[in-house]
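What follows is a single structure, written as structure tokens, with notes after it.
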Amino acid sequence: MSIQSNNNSRNGAGSTVGQNNDIYNIVLLIVDIVILVFKFWLTIIEETVKLFTTRPQANVSGQFVLITGAGHGMGKEMALQYAGIGAKVICWDINDQTNSQTVKEIKQAGGTAYGYVCNVVKREDIMELASRIRKEHGFVSVVVNNAGIMPCHPLLEHTEQETRLMYDINVLAHYWIIQAFLPDMIERNEGSIVALSSCAGLFGLANLVPYCGTKFAVRGYMAALAEELRQKNPQTNIKLTTIYPYMIDTGLCKNPRYRFPNAMKLISPKDAAASIIEAQRQGLEEAAIPRHFVAVEKLGRLIPRKAMRLVNDFLDTGVDTDKM
Ligand SMILES: NC(=O)c1ccc[n+]([C@@H]2O[C@H](COP(=O)([O-])OP(=O)(O)OC[C@H]3O[C@@H](n4cnc5c(N)ncnc54)[C@H](O)[C@@H]3O)[C@@H](O)[C@H]2O)c1
């Protein structure tokens, strides 16, 4: 009898402790929710204000900036412009001749540049070159994954070889280069990685099925990497910037098509490069060229696809096959 009453009182004490724990956990949850709601709206206000203010740009003078595909197009323009604001530019390209020409032009203008031939599909070459650069120059502050190719025709006409090569250059090479340079950035908790996606990474476009796949992949892995870095270190100072250019006048887009050439004409590589450098220096996570395309894509997702297709048909803008 006495043993039973002891158990009863012990059970009673246990359930009181359990109830106190429950109340404590509920209070904690409510506090968490209040903090979340407060911070959520504060961040929305802060980010909205930032949209209408000029963001400060990080100084890259004296820092090493590595650009892939520096021999032509936007890569070349970025190399020239980064050098123009005092960065020491490391130019990578598969094409020795055009890459050397970029380096020469930078040096002639009084800048600092180093050229390396690199086929970015070769992981071993990337790793070897990265450790050579580390020894010769030290820390690389900014890495721009720019080199890319864009075969443009219907999916059924894409060969296996060109499709695989496109993924190798436009996506896998980015992983190898990040694996080569990110560890130093993590160690120093600084640095910046820029990846060239495309408007073809925001919208699905005819004749560009595999290309769109590669550019959506860039968008996806950059978002995932940002999350990985943030979870590893909530105070991370490593900036990731994904760029979504519209059609740029580099020759990559062989048969552009538009109904309103004045409103939607090709953008000059000079202007595109300036826009990319500004986005990197401002530490933007995403930047389209022109900037409002990211907002258009977000808005487009809220609208039924059928309605968006009416707008697409009206604008009639895209790329025709390069096999014409
Ligand atoms: N031009 C556009 O309309 C446009 C639009 C959106 C996105 N983009 C993207 O921007 C980036 C640059 O485009 P661009 O128009 O300046 O290109 P581009 O063709 O003018 O220049 C690309 C450079 O990359 C180099 N390259 C190609 N394969 C390589 C490899 N395996 N290893 C090393 N270097 C290699 C080329 O030699 C060339 O110098 C690409 O990723 C492209 O997909 C371009």
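Does Q231 satisfy the condition of being away from the ligand (no atom under 12 Å from the Cβ) and under 20 Å from L80 (Cβ atoms)?
Against the criterion (away from the ligand (no atom under 12 Å from the Cβ) and under 20 Å from L80 (Cβ atoms)), Q231 does not qualify.
Out of everything in the range 90-110 that is away from the ligand (no atom under 14 Å from the Cβ) and part of a loop (DSSP other than H, G, I, E, B), what residue ends up being least open to solvent (accessible area, probe 1.4 Å)?
G110
Give the residues of the range 118-133 that are more than 12 Å from the ligand (Cβ to nearest atom) and either modelled with pLDDT under 95 or hydrophobic (A, V, I, L, M, F, W, C) (or both), sorted by residue number.
Selection gives M127, A130, I133.
Taking the residues in the range 111-149 that are outside any strand (DSSP E or B), open to solvent by 10 Å² or more (accessible area, probe 1.4 Å) and of a type in the set (G, A, S) as candidates, determine which candidate is nearest to A273 (Cα to Cα).
It comes out as A147.
Could you list all residues from the range 150-183 that are of a type outside the set (S, T, Y), under 15 Å from K122 (Cβ atoms) and open to solvent by 20 Å² or more (accessible area, probe 1.4 Å)?
Once the filter is applied, which keeps residues that are of a type outside the set (S, T, Y), under 15 Å from K122 (Cβ atoms) and open to solvent by 20 Å² or more (accessible area, probe 1.4 Å), the range 150-183 yields R164, L165, D168, I169, L172, W176, Q179.
Condition first: under 29 Å from F139 (Cα atoms) and away from the ligand (no atom under 16 Å from the Cβ). Can you find one or more residues in the range 63-80 that meet it?
Let us first name the residues in the range 63-80 that are under 29 Å from F139 (Cα atoms), namely 63-80.
Right, trim to away from the ligand (no atom under 16 Å from the Cβ) and you get 63-64.
For the range 63-80, residues under 29 Å from F139 (Cα atoms) and away from the ligand (no atom under 16 Å from the Cβ): present.
For the range 250-259, what are the residues that are within 11 Å of the ligand (Cβ to nearest atom) and part of a strand (DSSP E or B)?
P256
Scan the range 297-323 for residues that are surrounded by fewer than 15 Cβ atoms within 10 Å (Cβ to Cβ) and either under 16 Å from S197 (Cβ atoms) or within 17 Å of the chain's Cα centre (by Cα) (or both) and jot them down.
Once the filter is applied, which keeps residues that are surrounded by fewer than 15 Cβ atoms within 10 Å (Cβ to Cβ) and either under 16 Å from S197 (Cβ atoms) or within 17 Å of the chain's Cα centre (by Cα) (or both), the range 297-323 yields only K298.
The values are calculated or read from the model by the stated rules, or taken from the named source; none is laboratory data. All values reported here derive from a predicted model rather than from experimental measurement. Cβ: placed from backbone, ideal geometry, glycine included. Neighbour counts: every protein chain shown. Remember, those area values only see protein heavy atoms, side chains included, never the ligands or the DNA or RNA. Shrake-Rupley method; radii C 1.70, N 1.55, O 1.52, S 1.80 Å.
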